[in-house]
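Participant: Would you mind keeping the following structure in view while I ask a few things?
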Amino acid sequence: MSNKEHDVSRRQFLNYTLMGVGGFMAATMVAPMARFAIDPLLQKKEGTEMIYVMDVKDITTEPQNKKFTVKKVDGWHKFDEQNIAYIFKKKNGDILALSPTCTHLGCTVAWNDDPAHPNQFHCPCHGGRYTKTGINIPGTPPPAPLGVYKTQVKDGKLYLGEVQSRGGA
Amino acid sequence: MKWRAKDIERFLEEKQYVDTIIVPLIPLNWDEGMLATVREGEYVQILGDEIERQLKGRVVLNPAFTYFKEEALEERMKRLETWKNGMINGGGKFVYFVTSDVDWKAYESQLEHLIWLPAVPLEHMDERHRNDFVAETVGSVMKTITGQWIS
């Protein structure tokens with residue numbers, strides 16, 4: 001029996017075997033680590049879910065301040081975030097849910113609390129003002145309209161989702 | 001704005017809009033009075049966070065000024081003056097000290113913008129009452145602060 005009859009020499013055979021076993025061992029160790037490292041990326045994105053806020057029948061044409069809690073996940077860090085929405089019906093009957101975060105530097109605006117400018121949103125920090133539908137009033141600091149929550153009505157209940165910015169104007 | 005790089009970057013860019021600093025005054029001790037002391041600090045911390053959240057465009061929440069209860073009041077006052085001078089030199093126009101520690105009441109006349117609030121054991125409240133209560137308290141503190149801005 002000569003080695004020439006075989007395609008694989010003893011040395012090659014040993015090399016292949018060691019490489020195979022070694023590679024397999026390395027993979028067993030590395031694969032779970034990679035999985036741990038990118039785990040937050042694989043998780044389903046939270047915060048996109050819709051949260052029940054109020055019944056549609058209670059929505060009036062006057063903006064109402066509603067607080068609701070959103071469970072947020074930032075990587076491994078889980079926390080509850082208190083959100084506020086100003087909710088009302090527009091003249092055409094559409095529901096509008098405004099985010100009260102001022103587009104200037106992020107203070108919380110309030111509805112109709114400035115006697116000098118009734119029926120507007122007013123920012124306590126630098127006097128920014130917005131119309132009822134959240135459009136920034138020229139001559140005041142905010143560069144853009146107030147953000148709008150994604151809304152969804154199901155069985156007479158209003159659900160809110162993420163805030164969508166309305167860009168600069 | 002919070003005391004973290006991301007917010008302070010913004011602060012440095014928008015300095016002309018940010019002129020108010022909030023400093024919680026938080027006592028420490030490790031004897032029998034510990035629990036009450038912790039409660040005072042926790043309460044002030046919660047209020048500070050909430051005020052920052054609502055007025056973040058004009059307010060920086062400074063890390064707390066902490067001191068052992070044993071530290072003499074004059075010593076604390078001296079240290080606090082150093083802090084305050086540093087903040088005013090750094091662009092702070094209004095520096096508010098928020099505390100639940102009754103010690104500072106004696107210095108109310110010397111410390112401009114001291115906001116003293118009696119601590120409340122929030123841990124015994126359920127979440128909804130707690131949120132309402134904090135919102136109400138924060139509302140009145142904010143009125144004090146925004147009132148100063150307008151005048």
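Participant: What do you get for chymotrypsin sites (Phe, Trp or Tyr not before Pro) in region A:64-169 restricted to DSSP loop and a cutoff of at most 13 other Cβ within 10 Å of the site's Cβ?
Facilitator: Those that pass, being in a loop and sparsely packed, are A:TRP76.
Participant: Could you do me a favour and compute the accessible area per residue for the protein assembly as shown, 1.4 Å probe, result in Å²?
Facilitator: 61
Participant: Roughly to the nearest percent, how much of the accessible area of chain B is carbon and sulfur, given a 1.4 Å probe?
Facilitator: 55
Participant: Report, to the nearest 10°, how far helix A:10-42 tilts away from the longest principal axis of the Cα atoms in chain A, using its own Cα long axis and a range of 0 to 90°.
Facilitator: 10
Participant: To continue, here is another question. Please find the FRET efficiency linking B:HIS124 to A:THR133, where r is the Cβ-Cβ separation and R0 is fixed at 41 Å, and quote it to the nearest 0.05.
Facilitator: 0.45
Participant: Pop a pseudo-label 7 angstrom from the Cα along the beta-carbon direction at both B:LYS78 and B:GLN45 and give the gap in nm to one decimal.
Facilitator: Result: 2.9 nm between the two label points.
Participant: Which cross-chain or sequence-distant (5 or more) residues have an amide H under 5 Å from the amide H of A:MET54, H modelled 1.01 Å from N in plane?
Facilitator: A:LEU158
Participant: May I pose another question? Using R₀ = 30 Å, calculate the FRET efficiency as 1/(1 + (r/R₀)^6) where r is the Cβ-Cβ separation of A:GLU162 and B:ALA5; round to 0.05.
Facilitator: 0.70
Participant: So for the pair B:GLU108, B:ILE150, with labels modelled 7 Å out along Cα→Cβ, what separation do we get in nm?
Facilitator: A separation of 2.4 nm, rounded to one decimal place.
Participant: Let me ask another. Search the structure for amide H atoms under 5 Å from the amide H of B:VAL60, placed 1.01 Å from N in the peptide plane, and list their residues when 5 or more places away or on another chain.
Facilitator: B:THR20, B:ILE21, B:ILE22
Participant: Further question: Taking beta carbons within 10 Å but only from partner chains, what does the mean come to for residues A:104-111?
Facilitator: 5
Participant: Return the distance in nm (one decimal) between the two label points of a simple spin-label model at B:GLU32 and A:HIS117, each offset 7 Å from Cα along Cα→Cβ.
Facilitator: Each label point lies 7 Å from its Cα, and together they span 5.7 nm.
Participant: Starting from the residue with the highest accessible area, list B:VAL59, B:VAL102, A:VAL53 in decreasing order, probe 1.4 Å.
Facilitator: Largest to smallest exposure gives the sequence B:VAL102, A:VAL53, B:VAL59.
Participant: Computed on protein heavy atoms with a 1.4 Å probe, what is the summed buried accessible area for the chain pair B and A, in Å² to the nearest 100?
Facilitator: 1100
Participant: Based on DSSP loop calls and a cut-off of at most 12 other Cβ atoms within 10 Å, the longest stretch of chain A free of exposed trypsin sites (Lys or Arg not before Pro) is what?
Facilitator: A:92-169
The values are calculated or read from the model by the stated rules, or taken from the named source; none is laboratory data. Predicted model only: the values in this text are computed from it and were never measured. Neighbour counts run over all protein chains shown; Cβ positions are idealised from the backbone, glycine included. With ligands, DNA and RNA removed, areas are computed over all heavy atoms of the protein, side chains included. Shrake-Rupley method; radii C 1.70, N 1.55, O 1.52, S 1.80 Å.
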